[in-house]
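Beneath this line is the structure, given in structure tokens, with notes to follow.
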Amino acid sequence: MNKKILIYYLSILAAIVLVPINSTAQVAAELGVALEGAYNINAGLMNVTLSQNGLLPTAQPFNTEPWDYAGTEAFGGPNPPPGLVDWVLVELRDANDPSVTVTQKAGYIVDAGFIIDLPEPGSQPGIMNFNVAAGDYYIIIRSRNHLAIMSANPVTLPTTNLYDFRDPANVMGGAAQMVDVDNGTYAMYAGDVNSDGVITVADFNAWVVQSSAINTYIDGDLNADGNVTVADFNLYVPNASRIGVPPVRYQSCPSYDCLGVCGGTATTDVCGVCNGPGQLTWYEDADFDGLGNASVSTQACTQPTGYVANSLDADDTPCASYDCLGVCDGTAVADVCGVCNGPGQLTWYEDADSDGLGNASVSTQACTQPTGYVANNTDTDDTVSAACETADGLHLAFAEFDPGSYNIYISGSNVVLETDGLPNHESPYWSTTHPLYIAPTVTSTAQMAPGDIDDFNGSYTLSVPVAPALAASPSSTGLGAIGLAVSGSVIYNDEEGPGVPLDSAAGSLDFNGAHTGPQSYHYHLEPTAWSEDDDALIGIMSDGFFLYGRKCNSTGTYPTDLDASGGHTSSTQHTCGQSEYHYHIQNELYIGLYYILFPGDYQGTPNNIN
């Protein structure tokens, strides 16, 4: 047995008055685990506030839903001794069928991470003891408010060494089921307030009901300090949507119908459709006019060839000939472009300056849009101004987008931007071995969101008009990417989640006002890596308009004529003295601390960032 565990346990044992429990043969398990909410990175231990303040119950707390555990584990004294963090429930599952629970037992987790139970006759002190035969078992660790975990493989009991769940290699699902709380020490995710094996808005709702509770033992207290505060909410937020492996999830309903309704009666019909109508009646359509013959029908799950769903044909005699639209004896023909009943060749107008507007004096006829031509003829001046374009005919602002991240080109009347999503500057969100990694300054490792920048292995694409136009009315931004920054990464709005204000996650932002998740590194605030209280180009929004820093290049000061979205029309360092509509970071502090990149609505028509 591990001597460190024994010594630690015996130091506590002196303060315990035990209630004897009759038992037979005991099989021992030495187990280690950590709870994210209770972990203190400075001490390398979990806090024992609940036991110090006399809040930790003397009897096991798992006798309610969803656990419904009837065990009688309890201390005989008035209070548990100091040094204990919280109760946990340990399950042994069948090695061949992990859905089968062999036995359960409640025990305490101590601040150093060992799990102990109440000594029984024939048991070893300082470890968990089970009344089962020696052999192989899966082990599940459950907490009142942390996501349950399961051993990666069956564990042979009795154990000869510590089985440490703080090593993700020992956990089913690996590191995805745990959170790194201390440079390789992993802990159970905080936030499963209802203990159903998934962290969802249901847990948030349970936390809300319990919020502001003080000096009590309650499930919404994720950090085990006896109070339900915003500190517990901040533990929940980054873990929302975490899902435990299937064997640890509780099903509160004994049976579901095919629609997923608890106790529902919906069944699957003969066609394999849940709550479906069964086979349908189809009517022959011999003349292929889309109308069926009421006298000739069949029953089938899917539409047979030559049959339709209606019975409206007064004459289903096969037709001698069909036009290109499939109409019997119809007159529609294919035009010179091969389009059935089409208009023929269209008129296209030259767009020499690539502003999306065509020259009424220079046109051509063609079936498809020729390169350098558009469908309108509204350009009053189609003269090319080389000084205000790149060599590729792009707006000069695109020259500032990092060529190491971007591929930018014109396609028809649109500009297409393709980026690898990775920033070209330093950040604590790079992996520690990356050359652009720096240690956190305005945030800390404990506060940072999960994931590294270089974990992202994807790309983003945005296609916007060469000459974007203001829309008739603004449209709101959504969650996810709303623009692309010149650095290569994406821009988000002022929310951390649906209805969740940004200040709830502000502590995880690096000095560029950015963090990772749920897919890649992204900016919420003024990115000081290249812009701080100046007129620098930040990027482009999904409606095609550029976003600049807090100052206006045309005046050198903060603009005073901005609309509700931080936009106005003036010249920039990229327009050769010509005025165009663009956005600015608004020079207004958010909660007295931050400059939000884009808190408003789109004034143009947004395009998808894929």
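The values are calculated or read from the model by the stated rules, or taken from the named source; none is laboratory data. Given the structure is predicted, the values throughout are model-derived calculations rather than measurements. In this analysis, Cβ positions are derived from the backbone assuming ideal geometry, glycine residues included, and neighbour counts consider all displayed protein chains. Remember, those area values only see protein heavy atoms, side chains included, never the ligands or the DNA or RNA. Shrake-Rupley method; radii C 1.70, N 1.55, O 1.52, S 1.80 Å.
Here are the numbers for this structure:
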{"item": "Label corresponding to Cα Rg over 2.2 N^0.38 Å when calculated from the structure given, among (i) 0.98; (ii) 1.12; (iii) 1.32", "result": "(iii)"}
{"item": "For the chain, share of DSSP beta bridges that run antiparallel, in % to the nearest 5", "result": "90 percent"}
{"item": "Residues whose placed amide H lies under 5 Å from that of Gly264, excluding near-sequence neighbours", "result": "Asp257"}
{"item": "Val466 - accessible surface, heavy atoms, 1.4 Å probe, Å² rounded to 10", "result": "40 Å²"}
{"item": "Stretchable slack from Ile243 to Thr305, in nm (0.36 nm times residue separation minus alpha-carbon distance)", "result": "17.8 nm"}
{"item": "Solvent exposure ordering (accessible area, 1.4 Å, most first) of Glu91, Glu400", "result": "Glu400, Glu91"}
{"item": "Loop GluC sites (Glu not before Pro), the stretch 522-610 (other Cβ atoms within 10 Å of the site Cβ: 15 or fewer; DSSP)", "result": "Glu532, Glu588"}
{"item": "Mean separation of Cα contacts under 8 Å (6+ apart) over length of the chain, as relative contact order %", "result": "8 percent"}
{"item": "Cβ-Cβ FRET estimate between Cys274 and Ser297, R0 fixed at 22 Å, reported to 0.05", "result": "0.30"}
{"item": "Built amide H within the under 5 Å cut-off of Asn63, gap 5+", "result": "Tyr69"}
{"item": "Calculated from backbone phi, Karplus (6.51, -1.76, 1.60) coupling profile of the stretch 417-433 in Hz, x at Gly/Pro", "result": "10, 10, 9, 7, x, 9, x, 9, 10, 6, 6, x, 8, 6, 4, 5, 8"}
{"item": "Degrees, to the nearest 10: 201-210 long Cα axis against longest axis of the chain", "result": "50 degrees"}
{"item": "3J(HN,Hα) from dihedral phi, the stretch 286-297, Karplus parametrisation 6.51/-1.76/1.60, rounded to Hz, x for glycine, proline", "result": "5, 9, 6, 9, x, 10, x, 8, 4, 8, 10, 9"}
{"item": "Backbone HN-Hα couplings from phi across the stretch 244-249 [Karplus 6.51/-1.76/1.60, Hz, Gly and Pro as x]", "result": "x, 5, x, x, 8, 7"}
{"item": "Full-stretch length increase - Asn424, Ala439 - with 0.36 nm per residue and alpha-carbon distance subtracted", "result": "3.7 nm"}
{"item": "Inter-label distance for Asp455 and Ala286, nm, one decimal - labels placed 7 Å from Cα along Cα-to-Cβ", "result": "6.6 nm"}
{"item": "Three-way shape call for the stretch 496-610 based on the alpha-carbon gyration tensor, with the a/c threshold at 1.5", "result": "prolate"}
{"item": "Per residue solvent-accessible surface (Å²) - the chain, probe of 1.4 Å", "result": "46 Å²"}
{"item": "Built amide H within the under 5 Å cut-off of Asp136, gap 5+", "result": "Leu157"}
{"item": "Value at 222 nm in deg cm²/dmol, rounded to 500, when DSSP H runs of n ≥ 4 in the chain each add -39,500 (n - 2.57)", "result": "-1500 deg cm²/dmol"}
{"item": "Carbon and sulfur %, accessible surface of the chain computed with the full protein complex present, 1.4 Å", "result": "51 percent"}
